[in-house]
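The values are calculated or read from the model by the stated rules, or taken from the named source; none is laboratory data. In this text the structure is predicted, and so the values were computed from the model without any measurement. Note that each Cβ is placed from the backbone with ideal geometry, even for glycine, and that neighbours are counted across all protein chains shown.
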Amino acid sequence: MTVPKLNEILLARGLAPVEGETAEKFEKFASLLLEKNRLFNLTAIESEEQVAERHFADSLALFLDPAFRGGRMLDLGCGGGFPGIPVKLYAEGRGIPLELLLMDATAKKIAFVEEAAEALGLRDVRAVSRRAEEAVEEFGRESFDLVTARAVSDMRVIAELAFPYLRVGGAFYAWKTRKALPEVEDALPSVKLFGGREEGRIPYGDGVFFLEKCVKLSPTSPRFPRKYAQIVKKKP
């Protein structure tokens, strides 16, 4: 079972456990993920306990930020729905309003996310197969309260994709490992150029992992994001 392991981790972090209907939905999501993974290779993780620890608990590290209040959220490069769907489930269970847009360039992953959202009965959730740098105007420049990116690209690259979507006053969260600290430090001048600043690092997992939190202080220049090849090749 997935939920007992998840709750063990949540309680160790000082977070409320999942219970009742929310717990049932987490179990259902885990079963659906593992079932579909045999067909579509959605994740390298193949056991319920690993799903609880590596996907669910990892995604819910967002709630270690006491400033989290929900709102309009964009999950960039969501893959099989992480962190977005666990965040939505947990927020729903805690009565936190959250409107969620999940975005990934891989159509088969978005097809799974759509199926999962429907099976879980999630409201205010939309999943789209788009390239982030090409969809800013379509989904709302400077209109999201928070943007998340878990296990997605270099910090500098994902920051350029994320900040154009983020409203002034909003927050960007990137899931990183301790080994990525030089990469994160190297990205901070670019974050400033996009109108943001580093707000802090939220450690978890015995300090092996952390959330890099940046806030947006001013509008992002309309020249960002550039085409993906330019983003990867050259600093802004």
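Of these, Ala30, Ala16, which one is within 28 Å of Lys213 (Cβ to Cβ) and touching a Lys or Arg at 6+ places or on another chain (Cβ under 8 Å)?
Criteria check complete, one pass: Ala16.
Scan segment 126-141 and give yes if some residue there is under 26 Å from Pro17 (Cβ atoms) and either in contact (Cβ under 8 Å) with a residue 24 or more places away in the chain or in contact with a helix residue (DSSP H, G or I) (Cβ under 8 Å, 6 or more places away or on another chain) (or both), otherwise no.
No, there is no match, as no residue in segment 126-141 is under 26 Å from Pro17 (Cβ atoms) and either in contact (Cβ under 8 Å) with a residue 24 or more places away in the chain or in contact with a helix residue (DSSP H, G or I) (Cβ under 8 Å, 6 or more places away or on another chain) (or both).
Would segment 36-59 turn up any residue that is among the aromatic types (Phe, Trp, Tyr), modelled with pLDDT of 95 or more, under 18 Å from the mean Cα position of the chain (by Cα) and under 19 Å from Phe209 (Cβ atoms)?
Within segment 36-59, one or more residues are among the aromatic types (Phe, Trp, Tyr), modelled with pLDDT of 95 or more, under 18 Å from the mean Cα position of the chain (by Cα) and under 19 Å from Phe209 (Cβ atoms).
Any chance segment 97-114 includes a residue that's among the hydroxyl-bearing types (Ser, Thr, Tyr) and surrounded by 24 or more Cβ atoms within 10 Å (Cβ to Cβ)?
no
What about Ala61, is it closer than 24 Å to Asp145 by Cβ, in contact (Cβ under 8 Å) with a residue 12 or more places away in the chain and touching a strand residue (DSSP E or B) at 6+ places or on another chain (Cβ under 6 Å)?
yes
Go through (1) touching a residue at least 40 places away in the same chain (Cβ under 8 Å); (2) surrounded by fewer than 22 Cβ atoms within 10 Å (Cβ to Cβ); (3) more than 13 Å from the chain's Cα centre (by Cα); (4) over 28 Å from Arg223 (Cβ atoms) and name the single condition Tyr90 misses.
Every listed condition holds for Tyr90 apart from (2).
Scanning segment 188-219 for residues that are of a type in the set (Asp, Glu) and touching a strand residue (DSSP E or B) at 6+ places or on another chain (Cβ under 7 Å), which turns out nearest to Asp154 (Cα to Cα)?
Among those residues, the one meeting the criterion is Glu212.
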